[in-house]
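Worksheet for the structure shown next.
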Amino acid sequence: MISGQDPADGERMRGSNSDRVRRDNLAAVLDLVHRTGPLSRAGITRATGLSRSTVAALIAELTGMGLVAESGPQGTARVGRPSPVVHPDPDCVAIAVNPELDAITLGVVGLGGEVRSRRRIEIARPGTARTVEVVAAELGSAELDGKRIAGIGVAVPGLVRDGDGVVRWAPHLGWREEPIAAELTRATGHPAFAGNDATLGALAEHLFGAGVGVPDLVYLNGGASGIGGGIIAGGSPLGGTGGYAGEFGRNRPAIRDPADRAVPDGTLEDEVNRARLLELLGLGSADQLALSGALADSADPRVRAELARQARVLGGAVGAAVNVLNPRLVVLGGFLADVLGADPARFADLVAEQCSAPAFEEVRIVPAALGADLLMIGAGQLALHHLLTDPAAIRTPAAEAE
C-alpha cells in the first residue's frame, strides 16, 4: 500500500510526517517500476492512487537520483495527450556474485531484474579472499564505465546470518564464520550484502519468474555445492530465527527401495547429486546451460536410469515439504529442473504418493522460469534492496560528483 493514502484522495500528508510519506511514496513508485517494467505516468497514477501532480514530482525526484528515466509516450488509441513512459535507468546496476564449488559466476543486473551480463570464472573451491579479489577486478572492467553501482549481492551456497552477511557455514566451499559482505565493502567501497543462494532464488522466482503473484511457494535449487531451498510464505521470504530456513539438502530422505540408495546414511544432496550426472555424461565441469543441453541430448540408458533414480528420491523429499508447508507452487531450479524435466508427469505422481490428498490437490510443480539468470537476479535483488526500500537515503549522482 502507498504510505499516506487517505480514503478521500489517497495521499494526504500531515505535518512532520510529510517527509516520511514522501520517502515511502518514492519507494513505492520505484518498486512498482522495478517489478512491472516500463509504465506510463498514467499507469503509475492508477496503480498507486496518487494524484498526477504528485506522481510527476516523485518521478522527477527519482530521475534526478539516476534511478528512473522517461521516454516518449507509446502509441495509444485513447483520447487525450499520451503519457510519458517511465522505466528503470539503465545506468543504475548491481553486481551479482555466486561462488560455487567449481567456479565464481559474476553478473551485472539492472533495476527491473534485467541481467546485462553473466560471466563464469572456473576456480575450484574459491576462498573468500579470492572471491573478493575477483569481484574487485570485475569492478574495473570497461563494461561498468559510466555505470552507477548500487551495491554488491552475493548468493552463497551455505548458511548466512541475517543482518550482517556473515557466512556461518558453507561446507562445500570450506567457509566458516566468514564476513564476506564486510570484506567486499572494505575492498570496493560499495555496500555489499550476502544471503543464501536458494533463498535468493526463491525471491527471484517470486518477483520475476514462475512465482509472480503466488504468495506461498517452495523453491529447491540444485548446484555444484548441493541442494538448498527457499520458502515464500504469505508473500515474504521465510528466513527463520537466524536466516537459515530452507536447508532441505541436509535432511536424510526416506528411501523406500534400498536399491535407490547411493550413499549409506546419505543426505538428500548426497543422493540427488549433480556430480553423478556429470560423471555419467563424461563431463569434468559444466555450467547449468551446458549440463541441461548434455542431459537433453544424451541417449545413454545409464543417464536415463540415474535421472529416474534421483527423481524417486527427490519426489519423496518434495512430498514431505508439501505436507509441512502446504505451498501453492513448487519450483525446481538448477539441475533439479532437469530431474523434473526427464518425466514431469511421473515426478508429480511420485510427489503425490508422499502427500495427503488435500495438501497436494492445488500444488503445481514447475521448473524455474529464470534459468541460468536466476541466482544473478536473486543476488541483484539483494544488492538493490536498500535502494528500493528508501531511495531518498542514497546519494544522488550530482552529490557524488561534488
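Within segment 168-186, how many residues turn out to be crowded, with 23+ Cβ neighbours inside 10 Å and not in a strand (DSSP E or B)?
Counting residues in segment 168-186 that are crowded, with 23+ Cβ neighbours inside 10 Å and not in a strand (DSSP E or B) gives 3.
I want to confirm something. Restricting to segment 366-376 and keeping residues that are open to solvent by 10 Å² or more (accessible area, probe 1.4 Å) and of a type in the set (A, V, I, L, M, F, W, C), which single residue is nearest to the chain's Cα centre (by Cα)?
Per the stated criteria, the residue is L375.
Sort through A369, A348 and tell me the only one that's more than 20 Å from D31 (Cα to Cα), assigned to a loop (DSSP other than H, G, I, E, B) and of a type in the set (A, V, I, L, M, F, W, C).
After ruling out the rest, the residue left standing is A369.
Do you know which residues across segment 262-289 are more than 22 Å from V351 (Cα to Cα), assigned to a helix (DSSP H, G or I) and open to solvent by 30 Å² or more (accessible area, probe 1.4 Å)?
A275, R276, E279, L280, L281, Q288, L289, listed by residue number.
Going by the conditions given, is G201 under 19 Å from Q288 (Cβ atoms), buried (at least 24 other Cβ atoms within 10 Å of the Cβ) and at pLDDT below 95?
In short, no.
Would you point out the residue of segment 230-261, among those that are part of a loop (DSSP other than H, G, I, E, B) and among the polar types (S, T, N, Q), that is nearest to the chain's Cα centre (by Cα)?
Looking at the filtered set, the residue picked out is T241.
Look at L106 and say whether it is under 30 Å from E183 (Cβ atoms) and at pLDDT below 95.
Against the criterion (under 30 Å from E183 (Cβ atoms) and at pLDDT below 95), L106 does not qualify.
Kindly indicate the residue of segment 309-335 that is out of contact with any helix residue (DSSP H, G or I) (no Cβ under 8 Å at 6 or more places or on another chain) and touching a residue at least 12 places away in the same chain (Cβ under 8 Å) and also most open to solvent (accessible area, probe 1.4 Å) among those meeting that condition.
Looking at residues that are out of contact with any helix residue (DSSP H, G or I) (no Cβ under 8 Å at 6 or more places or on another chain) and touching a residue at least 12 places away in the same chain (Cβ under 8 Å), I get R328.
Do the conditions hold for V134, that is, is it open to solvent by less than 40 Å² (accessible area, probe 1.4 Å), among the hydrophobic types (A, V, I, L, M, F, W, C), over 20 Å from the mean Cα position of the chain (by Cα) and closer than 30 Å to P88 by Cα?
Against the criterion (open to solvent by less than 40 Å² (accessible area, probe 1.4 Å), among the hydrophobic types (A, V, I, L, M, F, W, C), over 20 Å from the mean Cα position of the chain (by Cα) and closer than 30 Å to P88 by Cα), V134 qualifies.
When you look at L329, is it closer than 24 Å to P171 by Cβ and in contact with a Gly (Cβ under 9 Å, 6 or more places away or on another chain), yes or no?
Spelling it out, it is not the case that L329 is closer than 24 Å to P171 by Cβ and in contact with a Gly (Cβ under 9 Å, 6 or more places away or on another chain).
Kindly indicate which of G211, G195, G165 is crowded, with 22+ Cβ neighbours inside 10 Å and outside any loop (DSSP other than H, G, I, E, B).
G195
Return only the number of the condition from (1) within 21 Å of the chain's Cα centre (by Cα); (2) closer than 30 Å to N273 by Cβ; (3) modelled with pLDDT of 95 or more that H172 does not satisfy.
(3)
The values are calculated or read from the model by the stated rules, or taken from the named source; none is laboratory data. What you are looking at is a predicted structure, and each value in this text was computed from that prediction instead of being measured. Backbone-built Cβ (ideal geometry, glycine too); neighbour counts: all protein chains shown. We work out accessible area using only protein heavy atoms, side chains counted, and drop any ligands, DNA or RNA first. Shrake-Rupley method; radii C 1.70, N 1.55, O 1.52, S 1.80 Å.
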